[in-house]
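Encoded as structure tokens, the structure appears first; notes follow it.
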Amino acid sequence: MQLGELRVDDDPAAWERCGFTVNADDRIDIGGVSVVLRRRAEGPPVKARGDGIAGWTFFSPTATVAGQTGSIGGIPTRVARQGGSDAPGRAQPAAHPNAATRLDHVVVFTTNLSETTREVAELLGLAPRKPAQLVGGRMMLFFKAGPVIIEVVAPCTSDDSPAPPNRRSPAEFFKRSITAFVGSARARLWGLTVATADIHRAYNQVAPFCGTLRASFQDDKRLIFTARSADLGISPALAFIQPSTKKKSRGRAKL
């Protein structure tokens, strides 16, 4: 199973300002995955990260699951036969001014980790790569969909980090934040991280609408920075990261 397409309700000009090459059909091709931009026209402005991510499509080589449509916690999800007539056009590699090479991972927020895991297994046939991790007041679970990691984040009831004086604990902060973002649904697509062959080039392309360069949470040998999406008119939370230098093994890769 491979992630093939993300549908986003954004103006292509906003993504071009961020250094992406947008095709004539309003698609951004990033290492085999298409970000399909559906123009907002006179619609409402971007209010929050994740505000305009409308759904996703996966490619499957097996006829038994191809052609399914469904929902993962409220996220519109389609499975198309790889190479079939129902599949959208496969993304072709494109040269981007920000040196983007592939989609590294997509982040999903959910208020019910076990239910979302069950739906991912039933609709996509994917299993977690490792047990859920409790980090900084949130639960994190990772799935592999082709070369792309799907990172599912949920609030937790316990906490592994003490709260500073007169402030909420990390667990309370993430519970409120995730619950407010997901709303009446059980899960929502929140953001994506793009691997770039030149992190400094990407940073200069996005600046000044970005945070500082820092070490990645999962791999401190990789630099990462986040874009201020709302200032750029982009719906998803967006980050850029250096490509992994770890060699692939025959077993499961380590994040």
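The values are calculated or read from the model by the stated rules, or taken from the named source; none is laboratory data. Quick caveat: nothing in here was measured; it's all calculated off a predicted structure. Virtual Cβ from ideal backbone geometry, glycine too; neighbours counted across all protein chains shown. Just the protein is used for accessible areas: all its heavy atoms, side chains included, with ligands, DNA and RNA removed. Shrake-Rupley method; radii C 1.70, N 1.55, O 1.52, S 1.80 Å.
Taking the stated definitions as given, is P208 at pLDDT 90 or above, in contact with a Ser or Thr (Cβ under 7 Å, 6 or more places away or on another chain) and over 21 Å from K130 (Cβ atoms)?
Values: at pLDDT 90 or above: yes; in contact with a Ser or Thr (Cβ under 7 Å, 6 or more places away or on another chain): no; over 21 Å from K130 (Cβ atoms): yes.
Spelling it out, it is not the case that P208 is at pLDDT 90 or above, in contact with a Ser or Thr (Cβ under 7 Å, 6 or more places away or on another chain) and over 21 Å from K130 (Cβ atoms).
Can you tell me which residue within the stretch 167-226, out of those that are more than 20 Å from the chain's Cα centre (by Cα) and of a type in the set (G, A, S), is least open to solvent (accessible area, probe 1.4 Å)?
A171
Determine, yes or no, whether A63 is open to solvent by 60 Å² or more (accessible area, probe 1.4 Å) and modelled with pLDDT under 95. Lay out the reasoning, then the answer.
Values: open to solvent by 60 Å² or more (accessible area, probe 1.4 Å): yes; modelled with pLDDT under 95: yes.
So A63 passes the test.
Filter the stretch 141-166 for residues that are modelled with pLDDT under 90 and crowded, with 19+ Cβ neighbours inside 10 Å; which is farthest from T116 (Cα to Cα)?
Checking each candidate, the answer is C156.
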